[in-house]
1. Most exposed first by the Cβ proxy, i.e. fewest other Cβ within 10 Å, how do ARG205, ARG119, ARG146 rank?
2. Given the rule -39500 (n - 2.57) for each run of at least 4 DSSP H residues, summed and divided by the residues of the chain, what is its mean residue ellipticity at 222 nm, to the nearest 500 deg cm²/dmol?
3. Run the quick spin-label model on ALA70 and GLN275: label points 7 Å from Cα toward the beta carbon, then report their separation in nm to one decimal.
4. Taking the number of other C-beta atoms within 10 Å as the exposure measure, put LEU271, LEU265 in order starting with the fewest.
5. Mind checking the dipole of the stretch 155-219: about its Cα centre, +1 per Lys or Arg Cβ, -1 per Asp or Glu Cβ, Debye to the nearest 20?
6. When the C-alpha atoms of the chain are aligned to their principal axes, what extent does each axis show, in angstrom, from largest down?
7. If you average the C-alpha positions of the stretch 226-280 and of the stretch 196-215 separately, how far apart do those two centres end up, in angstrom?
8. Mind giving me the FRET efficiency for HIS93 and THR261? R0 is 51 Å, r the Cβ-Cβ distance, nearest 0.05 is fine.
Amino acid sequence: MTATRRRARGRTLATIVVGIALAVSLALGGGVAGLASAAPKPAPAGCGQNSDDPKTDKRLYLWGQVKDTAPGKVGTNIDVIKPGPQYQPSPAHPKFYAVRKGGDSKGVNDDFLLLPTNRIKGIECSYLWNGSQLNLWSAAWFQATRRVAKNPAKPIALGVNSATARGQDQLHIHLAQANPDTVADLKAIKNPATSFTNWMSTNVRLRINDPKKTKTHAQFRVVKYTGSLPNLFVTLQKALPANETMSSQSIAVIDAGTPNTYYVLNSTPGLPGQQSEHGTGLADYVYGWKY
């Protein structure tokens with residue numbers, strides 16, 4: 001075979017291989033561009049997109065403050081932390097979280113925020129319970145013990161608001177102090193539920209700290225839990241009644257006063273109560289903030 005014929009045959013084989021690859025790519029929906037790289041999948045509904053532009057929506061301000069940050073590149077945040085491999089859902093693709101000052105309380109060191117640095121719109125995002133994220137509750141508790149001012153009358157409180165009650169569309173856990181009246185009511189509960197298997201069957205009327213002073217009480221599901229603080233997004237999503245959505249839920253955690261013991265609260269506007277004192281999507285009610 002001559003050199004010219006060998007080159008022609010090589011070109012023919014190469015054309016056949018490319019044609020087969022293109023046909024397979026098209027059949028799988030990849031298109032021509034799919035030969036080079038697959039297009040990124042859009043995020044699930046309720047999670048937001050990485051391309052969301054903070055300049056176009058004031059509710060994306062917090063997303064703008066954590067987007068593209070990393071340890072050593074903290075921007076306006078107090079810190080950006082990379083938890084160790086043992087805490088990572090996928091150590092090969094580690095997740096970070098940021099800690100920053102909040103802007104709701106006139107108190108001293110009673111108002112911080114913890115945020116994932118990847119795009120998570122809020123409590124309704126399925127990333128929070130599909131196993132792909134850090135246990136942000138455990139991280140929030142650790143950070144709160146380091147940063148929130150110590151006050152025996154106002155123990156540590158954490159919380160997340162529902163989609164309609166929050167003011168920002170990037171997930172943020174509040175690190176705060178608890179409202180003393182709320183704490184007193186929690187301690188007065190006789191025989192509180194101690195297992196999350198009973199969480200949804202509880203309904204407790206608690207005094208709250210309402211900045212608008214429109215009501216004095218609200219209804220909450222309460223468990224007095226002892227143990228390592230679990231990923232409460234996962235716990236709630238598994239326990240939630242079929243007729244309720246994650247987007248309408250609030251979650252709060254308050255120090256119960258003994259080691260590794262917490263009051264874990266959940267509420268939603270549909271939780272029945274006395275007159276207007278029903279449930280709420282606003283976890284802010286249980287903080288001891290000075291508004």
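Every read-out reported here was derived from the displayed coordinates using simple, explicitly stated rules and does not represent laboratory data. If you're wondering where the values come from, they're calculated on a predicted model, not measured in any experiment. FYI the Cβ positions are ideal-geometry reconstructions off the backbone, even for glycines, and counts take in every protein chain you see.
1. Sorted ascending by nearby Cβ count, the order is ARG146, ARG205, ARG119.
2. About -6500 deg cm²/dmol.
3. Calculated label separation equals 5.6 nm.
4. Values: LEU271 20, LEU265 26.
Exposure proxy ranking, most exposed first: LEU271, LEU265.
5. Charge dipole of the stretch 155-219: 220 debye, to the nearest 20.
6. Dimensions of the chain along the principal axes of its Cα atoms: 96, 41, 38 Å.
7. One Cα centre to the other: 9 Å.
8. 0.90
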